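Encoded as structure tokens, the structure appears first; notes follow it.
Values quoted throughout were computed directly from the atomic coordinates according to the rules given, and no laboratory measurement underlies them. The model shown is predicted, which means the values in this text are computed figures rather than measured ones. Cβ atoms come from the backbone with ideal geometry, glycine included; neighbour counts cover every protein chain shown.
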Amino acid sequence: MKAFTYDSKRSLIQHRLKLILVIVFISGSCLTASAQFGVALGAKGGVALTTFKGTNVDNIDDRTSWLGGAFLNVQITPVFNIQPEILIGQRGADYTSGATRNKLVINYFEVPVLAKFRLPVGDSFFPHVFAGPNFSFRTNMDYTSTETNSGVVLSTNETDIRKNDIGAVVGAGFDIQSKSSGIFFTIDGRYGFGFNDLDISDNDIEIKHRGWSFAAGIGFQIGGR
């Protein structure tokens, strides 16, 4: 098991501070731009189908879980939007490594920052595609390991699992917008993938997040056009 030193703690704190500054800068830029174009605030929820991709793991069983949160949609041009989101969700899978069967389920606080391209079809229907980075912070987890031959439950160490993850999402969907009321409904599907190896122990296992999610939401225009 790798030691978690003072320097690594300080590096983690510095990383989080930099991330917070980036999010604040993006949000400030979005709100400034909204004075001319348009900004909407909304809520969304849905389901996620998650799994792992990795090295020296097999028999991976996907998990079906949930997600939900809020989003800020800012229209920069008639076609281009920026949409930061704050989501709470669950990821994980069951997988076999050697002679053990592992269950890893992690709850995350996620901050995707999406570049969104909306193409108007008529006055109220807007198909869109989007992509962007996703920053994930672990809130809690369920990690168990069982010997496949004997059924004996083995002890596990949460420090072997990375606390945070950086990844990306790509997806598509559509918005149905009412100009008179300033309300729009949104539906999207997205594919997400993590860049980091979640297993930070000294073994030779590598696991990374992969998964689909599908969500629906409602937004309310609060400024701009």
| task | May I ask you to evaluate 6.51 cos²θ - 1.76 cosθ + 1.60, the Karplus curve with θ = phi - 60°, for each residue of region 202-216 and list the ³J(HN,Hα) values in order in whole Hz, giving x for glycine and proline? | result | 8, 7, 9, 8, 10, 9, 10, 5, 9, x, 9, 9, 9, 9, 10
| request: With the cut-off at 19 Å, report for region 89-225 the share of all Cα pairs above it, as a whole percent. | output: 60
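How much length is gained on full extension from W212 to T159, taking 0.36 nm per residue of separation minus their Cα-Cα distance?
Taking W212 through T159 to full extension adds about 16.4 nm, to one decimal.
Between D61 and T139, what length in nm is gained on full extension when 0.36 nm per residue of separation is reduced by their alpha carbon distance? Spell out each step's value before the answer.
Details: separation 78, 0.36 × 78 = 28.08 nm, distance 2.27 nm.
In short, 25.8 nm is gained.
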| request: Mind putting a number on the dipole of region 27-160 about its Cα centre? Charges go on the C-beta only, +1 for Lys and Arg and -1 for Asp and Glu, and I need it in Debye to the nearest 20. | output: 360
| note | Expected sort for 142-151, 182-191 on mean C-beta neighbours within 10 Å, highest first, is 182-191, 142-151
